[in-house]
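These notes concern the structure reproduced below.
The values are calculated or read from the model by the stated rules, or taken from the named source; none is laboratory data. This is a predicted model, so every value here is computed, not measured. Glycine also receives a Cβ, built like all others from the backbone with ideal geometry; neighbour counts cover every protein chain displayed.
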Amino acid sequence: MRFDTRAVHVGNEADELTGAVTPPIYTSSTFAQAKIGETKGYEYSRSGNPTRQRLERAVADLEGGKLGLAFASGLAAETAVAGLLRSGDHVIICNDVYGGTFRLFNQVFRNFGVSFDRVDARSPENLERAIKPNTKMVWMESPTNPLMLVLDIKEIAKVSKAHGLTLTVDNTFASPCLQNPLKLGATVVVHSTTKYIGGHSDLVGGAVVTSSQALYEKVKFLQNATGSVPGPFDCYLALRGLRTIHLRMERHSKNAAAVADALSNDTARVDEVYYPFLRRSPSYKLARRQMSAGGGMMAFRIKGGYKAASKFLETLKVFTLGESLGGVESLAEHPARMTHASLPPEERKRLGITDDLIRLSVGVEDTTDIVDDVKGALKAALPRHS
Ligand SMILES: Cc1ncc(COP(=O)(O)O)c(C=O)c1O
């Protein structure tokens with residue numbers, strides 16, 4: 001079956017007991033045993049829950065992986081994967097990963113003796129050079145946040161494999177609909193299901209997918225041992241979100257491409273636009289090869305710095321000023337003062353997260369309404385620039 005059919009059906013099979021076509025939400029924390037140790041496959045919902053298992057099966061299938069695990073948040077999923085490392089191990093973190101990922105390694109796992117280096121992985125030579133005898137894992141995102149840099153997963157996987165390293169790809173921004181890193185050679189995929197998988201800004205969750213049985217067993221052990229499981233209601237919501245992910249991603253991508261065009265055409269007010277499928281983008285060719293569409297995320301630099309950026313953000317009507325991304329509603333934010341405010345100022349500067357930068361999570365509303373909203377806010381922010 002093709003992706004769209006699997007998105008609708010996998011994990012959503014009719015309930016065997018009642019025939020219900022919508023998956024039941026099993027809220028039970030514990031399960032009756034006929035005799036001591038004789039179960040129907042479930043004992044206690046931290047170690048296994050039927051609603052969660054449906055979600056785990058669905059995410060794994062859509063990522064083209066064999067095995068999936070669901071978590072209480074994207075960061076809980078990341079923590080379980082990082083928990084594969086031991087004191088003395090070294091990790092290579094590629095380019096601009098999510099700030100919370102950096103914080104996890106810098107302020108949590110570093111305390112447990114796991115070291116890391118950050119590398120510009122646009123060149124495989126940089127990656128090769130950063131590998132140490134104790135390197136165990138490479139961690140990457142593509143496209144990156146907030147500057148939408150596209151990294152070559154296949155190339156990075158090749159180098160990782162040659163050195164026996166686990167390659168973890170955070171596929172949150174692209175979603176399983178637009179890009180499947182396991183098919184490009186990654187070992188593990190992580191998701192914040194809070195974003196495009198859930199798709200409606202009404203849950204916080206995470207997922208891990210792999211085709212390695214051994215790795216799955218280790219992460220499953222950590223899921224149970226650390227107790228970082230999602231509740232059954234959130235699993236149900238994520239599963240429901242997945243059923244329309246193909247429709248949503250198509251519209252997100254169409255709308256975002258239209259906004260990227262409108263922004264690029266307003267050279268009097270806009271300095272730079274970052275969107276993977278923008279023809280002028282340096283990673284356009286790679287993005288076309290690696291992703292089936294451009295997705296809903298983009299960023300741009302407005303002329304006039306913070307003053308113009310804040311006026312733009314406060315004038316928008318269809319877009320809501322807010323953090324997070326991947327929901328059906330359009331969101332806009334100021335990375336330097338919002339999502340990336342926790343990064344040290346010199347780090348923000350190094351990454352290009354300056355006061356003129358605005359990030360958009362383009363939703364699935366009417367294309368013309370969205371484009372008009374952006375154009376109107378640009379004019380209000382910079383009335384004399386035309
Ligand atoms: C790319 C990426 N990965 C991971 C996370 C963390 O996910 P969560 O907020 O669900 O813990 C986020 C959150 O914004 C993200 O953008």
### Query
Quick one: how many residues across region 152-209 are aromatic (Phe, Trp, Tyr) and without any contact (Cβ under 8 Å) to a residue 24 or more places away in the chain?
0
### Query
Somewhere in region 54-63, is a residue under 20 Å from His246 (Cα atoms), assigned to a loop (DSSP other than H, G, I, E, B) and not assigned by TED's automatic domain parsing to the domain that holds Gln290?
yes
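Identify, from the list Thr168, Thr144, the residue that is outside the structural domain of Gly295 (by TED's automatic domain parsing), closer than 20 Å to Leu75 by Cα, of a type in the set (Val, Ile, Thr) and not in a strand (DSSP E or B).
Every option except Thr144 fails the conditions.
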### Message
Out of Lys183, Lys154, Lys132, I need the residue that is over 22 Å from the mean Cα position of the chain (by Cα) and modelled with pLDDT of 95 or more. Which one?
### Response
Lys132
### Summary
Counted residues in region 272-318 being in contact with a helix residue (DSSP H, G or I) (Cβ under 6 Å, 6 or more places away or on another chain) and either closer than 21 Å to Gly376 by Cβ or within 16 Å of the ligand (Cβ to nearest atom) (or both) come to 16
### Single residue of region 55-76 satisfying the filter (of a type in the set (D, E, K, R) and crowded, with 23+ Cβ neighbours inside 10 Å) that is farthest from Arg6 (Cα to Cα)
Glu56
### Query
When both residues are 6+ apart or on different chains and their Cβ atoms are under 9 Å apart, which pairs have a first residue that lies in region 331-348 and is closer than 12 Å to Pro146 by Cα, and a second that is away from the ligand (no atom under 12 Å from the Cβ) and of a type in the set (Lys, Arg)?
Pro335/Arg348; Ala336/Arg348; His340/Arg348
#### Entry: Residues of region 186-224 that turn out to be within 11 Å of the ligand (Cβ to nearest atom) and assigned to a loop (DSSP other than H, G, I, E, B), as a count
9
### Task
Look at Arg359 and say whether it is charged (D, E, K, R), touching a residue at least 40 places away in the same chain (Cβ under 8 Å) and surrounded by 19 or more Cβ atoms within 10 Å (Cβ to Cβ).
yes
#### Entry: Cβ pairs under 9 Å, 6+ apart, first in region 108-122 and touching a residue at least 60 places away in the same chain (Cβ under 8 Å), second loosely packed, with under 13 Cβ neighbours inside 10 Å
none
### Summary
Of the listed residues (Leu325, Leu331), the one being surrounded by 24 or more Cβ atoms within 10 Å (Cβ to Cβ), at pLDDT 95 or above and within 17 Å of the chain's Cα centre (by Cα) is Leu325
### Leading residue by the ranking (nearest to the ligand (Cβ to nearest atom)) among those in region 77-117 that are surrounded by fewer than 19 Cβ atoms within 10 Å (Cβ to Cβ) and part of a strand (DSSP E or B)
Asp117
### Query
Does Leu247 satisfy being part of a helix (DSSP H, G or I) and among the hydrophobic types (A, V, I, L, M, F, W, C)?
yes
### Message
Criterion first (outside the structural domain of Ala260 (by TED's automatic domain parsing), in a helix (DSSP H, G or I) and surrounded by fewer than 24 Cβ atoms within 10 Å (Cβ to Cβ)) does Lys183 satisfy it?
### Response
yes
### Query
Looking at (1) closer than 23 Å to Thr244 by Cα; (2) more than 16 Å from the ligand (Cβ to nearest atom), which is the only condition Val159 fails?
(1)
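Residues checked against (1) out of contact with any Gly (no Cβ under 9 Å at 6 or more places or on another chain); (2) at positive phi; (3) in a loop (DSSP other than H, G, I, E, B):
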residue	(1), (2), (3)
Leu286	yes, no, no
Ser292	yes, no, yes
Ala299	yes, no, no
Val318	no, no, yes
Ala332	no, no, no
### Query
When only residues in region 30-76 that are β-branched (Val, Ile, Thr) and out of contact with any strand residue (DSSP E or B) (no Cβ under 8 Å at 6 or more places or on another chain) count, which is nearest to the ligand (Cβ to nearest atom)?
Thr51
### Query
Only one of (1) assigned to a helix (DSSP H, G or I); (2) surrounded by fewer than 18 Cβ atoms within 10 Å (Cβ to Cβ); (3) over 21 Å from the mean Cα position of the chain (by Cα) is not met by Val8, so which one is it?
(3)
### Query
Among the residues of region 226-234, is any part of a helix (DSSP H, G or I), away from the ligand (no atom under 15 Å from the Cβ) and among the acidic types (Asp, Glu)?
no
